[in-house]
Amino acid sequence: MTKTELQAYLHTHIPLSAAMQVTVKSVGETEVVLEAPLAPNINHRETLFGGSASAVAILAAWSLLHCRTRAEGIDSRLVIQRNSMEYLAPVAGNFIARAFLSSEDDWKGFMKLFRRRGRARISVSSELEYAGEVAGRLEGDFVALGKE
């Protein structure tokens, strides 16, 4: 999936991504990078609203799984089961969310289980970057469910 295709998909199927002005910077086999401006995601302190930070981090992680499962020929429903977000520094401008698997070794087991049982769980990490520094970290568990 190209970055243009992913961005169109997100804006069409997850309208919040369009409202937050999220753009897809890159789509790779092992990571997805999203970018968002501060203006539509600002809080009362003129920094990034925590809910927006979490939403973009989750969106990047979900996007990575969406792209990878599609590349494997899997059409599944991907849902987040749980997550934790750590805020490390204030964000006062455009920021990116870089998503990657918490353990690349888990991918084979995830795919094997999904193909056998029609559902599987995997952990995905996402880091928020601002001004060249990591400003936040998300750890999320996602579940892929076979379409009925």
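The numbers here are math on the coordinates, done by the rules we state, and not lab data. Since this is a predicted model, take the numbers as computed values, not measurements. Here the Cβ positions follow ideal geometry from the backbone for every residue, glycine too, while neighbour counts run over all protein chains shown.
Which trypsin sites (Lys or Arg not before Pro) from the range 1-89 combine a DSSP loop assignment with at most 16 other Cβ atoms within 10 Å?
R45
Explain nothing, just the number: relative contact order of the chain, from Cα pairs under 8 Å at least 6 residues apart, as a whole percent.
With pairs under 8 Å counted, the relative contact order is 25 percent.
Taking θ = phi - 60°, what integer Hz values does the Karplus form 6.51 cos²θ - 1.76 cosθ + 1.60 yield along the range 72-81, in sequence order, with x for Gly and Pro?
8, x, 9, 10, 10, 8, 9, 10, 8, 9
Cα centroids of the range 1-17 and the range 62-114: how far apart, whole angstrom?
15 Å
Per-residue HN-Hα couplings for the range 121-129, Karplus 6.51 cos²θ - 1.76 cosθ + 1.60 at θ = phi - 60°, whole Hz, x for Gly and Pro?
10, 8, 9, 10, 10, 8, 10, 8, 10
Within the set of other residues whose C-beta is less than 15 Å from the C-beta of M111, count the net charge using Lys and Arg as +1 and Asp and Glu as -1.
That sum, taken over residues with Cβ under 15 Å, equals +3.
Which of the GluC sites (Glu not before Pro) found in the range 9-64 are loop residues per DSSP with 11 or fewer other Cβ atoms within 10 Å of their Cβ?
E29, E46
State the dimensionless ratio Rg/Rh of the chain (Rg: radius of gyration of Cα atoms; Rh: Kirkwood radius).
Looking at the chain, the ratio lands at 0.97.
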